[in-house]
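Student: Let me give you the structure first, and then I'll get to my questions.
What follows is calculated from the coordinates using simple rules that are stated; it is not laboratory data. Owing to the predicted nature of the structure, the values given are computational and were not obtained by experimental measurement. Please note: Cβ atoms are built from the backbone with ideal geometry, for glycine as well, and neighbour counts cover all protein chains shown.
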Amino acid sequence: MRRKLAAGNWKMNGLTDSLDELRSLARAHPDPAVDILVCPPATLIAQAAQVCAGLPVAIGGQDCHTERTGAHTGDLSAEMLKDSGACAVILGHSERREDHGETSDMVRAKARAAHAAGLMAVICLGESLAQRDAANTLDIIAAQMSLSIPDTSTAENLVIAYEPIWAIGTGKLPDAAQIGEVHDFIRTRLERRFGPGAGRGMRILYGGSVKPNNADQVFRVPNVDGALVGGASLRAEDFSPIIKALSQTG
């Protein structure tokens, strides 16, 4: 039985006083029926990990380098994230792929580095609106999966996040059939590559304009094991109803 996961991506948002939101989130869910992960900006990871020590909220990073050390000014290694108190890292988000030119090969190398450091890799996949309109969604997802997911992946160290690019931050939400088609496709390919046991154990999140008012319908789609939430994760009062909706679905 896969344990549900509510993951929050704060992106380039948050200052020290934002840590109060983590305390509020923990108070709202003292014994959650789902896993809760929050990925703040790198400047807050160590403080966030200290705030959440002993609380049911785990902390992750938003990116890592492929190498452990070296002359890479401004970059952070997976070991550095781990040392700061992170237990996971988001990789291959569309904003990294588009804004920083990250390829799926780079994502795979980063995921290997994350696994070597003992971090769970949350690997993002997703198609553009043009690709969706051209009926190329599953081909895009298949290619991203083949190239982005390393062979070091297990049910414990890999989470897949399906985030259609056209739905991120736009308020647009795919219908249940569209979400279900992609999540079922991802599940089938995971089982085919890693075997039925591991493939069935790997969690698949949906991301892209998940809000308190639509979370319930998203979580009722088969093979949706949770959500990767952007803007709605910045405030406990917005993220909490999403977590509650997730905990109430099978």
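Student: What does the C-alpha gyration tensor say about the overall shape of segment 75-123? Classify as rounded when a/c is under 1.5, otherwise prolate if a/b is larger than b/c, or oblate. Display every interim value, and only then the final one.
Tutor: Numbers: a/c = 2.14, a/b = 1.80, b/c = 1.19.
Prolate, since a/c reaches 1.5 and a/b exceeds b/c.
Student: Something else: Among Trp10, Ala245, His100, pick out the residue whose Cα is farthest towards the positive end of the charge dipole of the chain, where Lys and Arg carry +1 and Asp and Glu carry -1 on C-beta, about the Cα centre.
Tutor: Looking along the dipole axis, the top candidate is Ala245.
Student: Continuing with the same structure: Could you please tell me the mean projected area of the C-alpha convex hull for the chain, averaged over all directions and given in square nanometres to one decimal?
Tutor: Convex hull of Cα atoms, orientation-averaged projection: 12.2 nm².
Student: Among Pro164, Ala117, Ala78, whose Cα lies farthest out toward the positive end of the dipole of segment 54-201, if unit charges sit on the beta carbon of Lys, Arg (+1) and Asp, Glu (-1)?
Tutor: Ala117
Student: Given Cα pairs under 8 Å that are at least 6 residues apart, what percent is the relative contact order of segment 116-250? Could you put the intermediate results ahead of the total?
Tutor: Details: 203 pairs, mean separation 30.7, N = 135.
Computed value for segment 116-250: 23 percent relative contact order.
Student: Straight-line reach from Lys110: which lysines have Cα under 28 Å away, leaving out those fewer than 8 places along the same chain?
Tutor: Excluding near neighbours in sequence, the set is Lys4, Lys11, Lys82.
Student: Hey, another quick one. Name the most mobile residue of Ala236, Ala71, Ala109, meaning the one with the largest mean-square fluctuation, in a Gaussian network model of the chain with Cα contacts below 10 Å.
Tutor: Fluctuation is largest for Ala71.
Student: Taking the Kirkwood radius as the inverse of the mean 1/r across Cα pairs, report the Rg/Rh of segment 1-93.
Tutor: Values: Rg = 13.5 Å, Rh = 13.7 Å.
In segment 1-93, Rg relative to Rh is 0.98.
Student: Return the lysines within reach of Lys172: Cα separation strictly under 17 angstrom, same-chain partners fewer than 8 residues apart disregarded; answer none if there are no such residues.
Tutor: By straight Cα distance, Lys172 reaches Lys211.
Student: When Lys and Arg each count +1 and Asp and Glu each count -1, what net charge do the other residues less than 9 Å away from Ala116, Cβ to Cβ, add up to? It would help to have the intermediate numbers written out before the result.
Tutor: Numbers: positive: Arg68, Arg112; negative: Glu79.
That works out to +1.
Student: Could you pull out every whole DSSP H run in the chain that spans at least 15 Å of Cα extent along its own axis and averages 1.0 or higher on the Kyte-Doolittle scale? Walk me through the numbers before you get to the answer.
Tutor: Numbers: long enough: 104-116 (18 Å, -0.41); 137-148 (16 Å, 1.07); 176-194 (26 Å, -0.53); 236-247 (16 Å, 0.42).
Qualifying helices: 137-148.
Student: Rank Asp20, Asp216, Asp133 by mean-square fluctuation in a GNM of the chain with C-alpha springs under 10 angstrom and give only the top-ranked residue.
Tutor: Between Asp20, Asp216, Asp133, it is Asp133 that shows the largest mean-square fluctuation.
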